[in-house]
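The values are calculated or read from the model by the stated rules, or taken from the named source; none is laboratory data. As the structure is a computational prediction, the values presented were derived from the model and not from experiment. As a convention, Cβ positions derive from the backbone with ideal geometry for all residues, glycine included, and neighbour counts pool all protein chains shown. Note: areas computed on protein heavy atoms with side chains; ligands, DNA, RNA excluded. Shrake-Rupley method; radii C 1.70, N 1.55, O 1.52, S 1.80 Å.
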Amino acid sequence: MNNNYSSYFGFTNEEVRDMLAYYDYEDKYQEICEWYDGYRFGNSEIFNPWSVINYISDQCFPKAFWQSTGSNDIIGEIIGTATPEINENLYKLICGNTVKTYVDTSVIYPEVQSNLNSIYSFLLVAGYLKVAEIYPQNDGNYMCDVAIPNKEILYVYEKEVLNRTNQNNVSISIHQAIFSKDTSKLQSLLEDFMLKSISTMDGSSEAFYHGMMLGLCAVLGSQFKVRSNRESGLGRFDIELLPMVKGIPGFIFEFNIRKI
């Protein structure tokens, strides 16, 4: 959040353009921005230097290079202890939205366990979030809109969220059923998933099913813009999957619960 030495924590736009030009990869600038840009130190927009170097060294094939630098168990642990509200905000972040939060720049990891509201501050200073907008406060801290910085970190979130909620395999199967428009298969997968994972006490409201499906659809974030509870036409849909790739269908989900 400080401007001092802000351009020295990674590569600037100009430095990345120079590197791409030196190795004759100028046409890869947009891709390298989508994958490794997005960090903000003070007023400087910064690229992840480790990932940029590895991307160019690997003939500009995009990967989540940050994964090889250490463990991402921090996200997994946070997900494992998060409240329903925090989990919903994590899914919003995965879907490309921002979350407004108070940021304490002096936060340390032990504080996260005693104050779950500090998780966004910790994820920010650990590099898993970026600041999209700053609203300075009188106490020296900040109210901020935070977001996931780039595709590389989005991949880390998707992997950890799905692994920690044991939804990885079922999400892939649901992904395939949606793409093939196989409604019978989708219904069977959801029924099997719910029978194995939830209590009758959980499934007593439409909101529960809505949240469950929003989480399962999070894995589709690289192909679809996933939106929840938005106005459209004369009503409001529950979940919309808006395709970001030409030639694939879009989907609108409406959830209802029937009392038996």
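Somewhere in segment 52-64, is a residue among the basic types (Lys, Arg) and in contact with a helix residue (DSSP H, G or I) (Cβ under 8 Å, 6 or more places away or on another chain)?
The answer is yes, given that some residue of segment 52-64 is among the basic types (Lys, Arg) and in contact with a helix residue (DSSP H, G or I) (Cβ under 8 Å, 6 or more places away or on another chain).
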| task | Might you check whether a residue that is assigned to a helix (DSSP H, G or I), at pLDDT below 75 and under 20 Å from Tyr142 (Cα atoms) occurs anywhere in segment 66-76? | result | no
| Pairs under 6 Å by beta carbon, first residue farther than 25 Å from Asp58 by Cα in segment 1-20, partner among the charged types (D, E, K, R) and open to solvent by 40 Å² or more (accessible area, probe 1.4 Å), six or more apart or different chains? | none
| field | Residues that are closer than 15 Å to Glu152 by Cβ and either free of Cβ contacts under 8 Å to residues at least 60 places away in the same chain or touching a Lys or Arg at 6+ places or on another chain (Cβ under 9 Å) (or both), drawn from segment 34-43 | value | Glu34, Trp35, Tyr36, Gly38, Tyr39
| task | Determine which single condition Ile108 fails, assuming it passes every other condition in (1) within 25 Å of Phe9 (Cα to Cα); (2) modelled with pLDDT of 75 or more. | result | (2)
| task | Count, please, the residues in segment 129-175 that happen to be open to solvent by less than 20 Å² (accessible area, probe 1.4 Å) and at pLDDT 80 or above. | result | 9
| query | Condition test on Ala126, is it surrounded by fewer than 20 Cβ atoms within 10 Å (Cβ to Cβ), more than 25 Å from Phe253 (Cα to Cα) and either touching a Gly at 6+ places or on another chain (Cβ under 9 Å) or modelled with pLDDT of 80 or more (or both)? | reply | yes
| message | farther than 30 Å from Tyr142 by Cβ, more than 20 Å from the chain's Cα centre (by Cα), modelled with pLDDT under 95 and among the hydrophobic types (A, V, I, L, M, F, W, C): is that true of Phe9 in this structure? | response | no
| task | Please enumerate the residues belonging to segment 225-247 that are within 23 Å of Leu154 (Cα to Cα) and open to solvent by 40 Å² or more (accessible area, probe 1.4 Å). | result | Lys225, Arg227, Asn229, Arg230, Leu242, Pro243, Met244, Val245, Lys246
| request: Would you mention how many residues in segment 1-46 are touching a Cys at 6+ places or on another chain (Cβ under 9 Å) and closer than 20 Å to Phe122 by Cα? | output: 1
| Tally of residues being outside any loop (DSSP other than H, G, I, E, B) and of a type in the set (Val, Ile, Thr) across segment 6-25 | 1
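Going by the conditions given, is Phe47 more than 19 Å from Lys151 (Cβ to Cβ) and without any contact (Cβ under 8 Å) to a residue 60 or more places away in the chain?
No, not satisfied.
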| message | Among the listed residues Leu195, Leu216, identify the single one that is of a type outside the set (Phe, Trp, Tyr) and at pLDDT below 75. | response | Leu216
